[in-house]
Amino acid sequence: LYGDWYDEALGGDYNYADWGVVASATTPVLTPRTIAAAEVFNGFSHPISGRVPNQGLYSLGGERTIRGIGAEEDLARNVFVLR
């Protein structure tokens, strides 16, 4: 589980929170030096007051998310990634 809270009272420009869950598993395949890995990521952005800025929606999940969503489109208020 994770949570990030951005607050104007703490120096932020917006009031919103990102939260979600990340789960992963690995298992050896044929030899101990070869593994199979799986990861599930499910994250959400929620405004505390006002709105979630585009950069907040775009970066939801950090490096685990899929990039390339246009700023004019409805950006990810939630993200589900299975890899």
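Details
- Subset of the range 40-83 (residues that are modelled with pLDDT of 65 or more and over 13 Å from the mean Cα position of the chain (by Cα)): Pro47, Ile48, Ser49, Gly50, Arg51, Val52, Pro53, Asn54, Arg83
- Tally, over the range 6-60, of residues that are open to solvent by less than 50 Å² (accessible area, probe 1.4 Å), out of contact with any His (no Cβ under 9 Å at 6 or more places or on another chain) and part of a loop (DSSP other than H, G, I, E, B): 4
- Matching residues, the range 1-16, being at pLDDT 85 or above, small (Gly, Ala, Ser) and farther than 20 Å from Val40 by Cα: Ala9
- Taken over the range 9-23, the criterion of being under 12 Å from Ile48 (Cα atoms) and of a type in the set (Val, Ile, Thr) is satisfied by no residue.
The values are calculated or read from the model by the stated rules, or taken from the named source; none is laboratory data. Everything numeric here is computed off the predicted structure, so don't read it as measured data. Neighbour counts are summed over all protein chains in view; Cβ atoms, including those assigned to glycine, are modelled from backbone coordinates with ideal geometry. All accessible areas refer to the heavy atoms of the entire protein, side chains included, with ligands and DNA or RNA removed. Shrake-Rupley method; radii C 1.70, N 1.55, O 1.52, S 1.80 Å.
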